[in-house]
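J.: Just passing along the structure, written as structure tokens.
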Amino acid sequence: MKKLFSLALACILIFAFGLSDTSKAKTQIISYKNCTELNKVYRGGVAQSASVKNKGGKTRYTPFVSKELYNKNTRLDRDKDLIVCER
């Protein structure tokens, strides 16, 4: 009986943790209409990588780093410094 209980508990835990990992992988990459919409979600904009430096000088907020999100919204990067809608 103990073996059956521990086996059932192990299966439940494996199933529960397996579902939580797949939900993280399904994050949607959204193409925003303009910088105002993007900045509502990402205050500092979106950078292509953590090593990117801003051309325009100082910014108030640190940009969120996501290559996929940057690539989806590249058209909003007017100064081509690899940061979309920085503030």
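FYI, it's all coordinate maths here, none of it is from the lab. Owing to the predicted nature of the structure, the values given are computational and were not obtained by experimental measurement. Note: ideal-geometry Cβ built from the backbone for every residue, glycine included; neighbour counts use all protein chains shown.
J.: If I model a spin label as a point 7 Å beyond the Cα along the Cα-Cβ vector, how far apart are those points for ASN34 and ARG87 in nm?
T.: Distance between the two pseudo-spin positions: 1.4 nm.
J.: Taking the highest mean first, how do the peptides 60-66, 80-86, 30-36 order by number of other beta carbon atoms within 10 angstrom per residue?
T.: Details: 60-66: 15.0, 80-86: 20.3, 30-36: 13.1.
The packing order, highest mean first, is 80-86, 60-66, 30-36.
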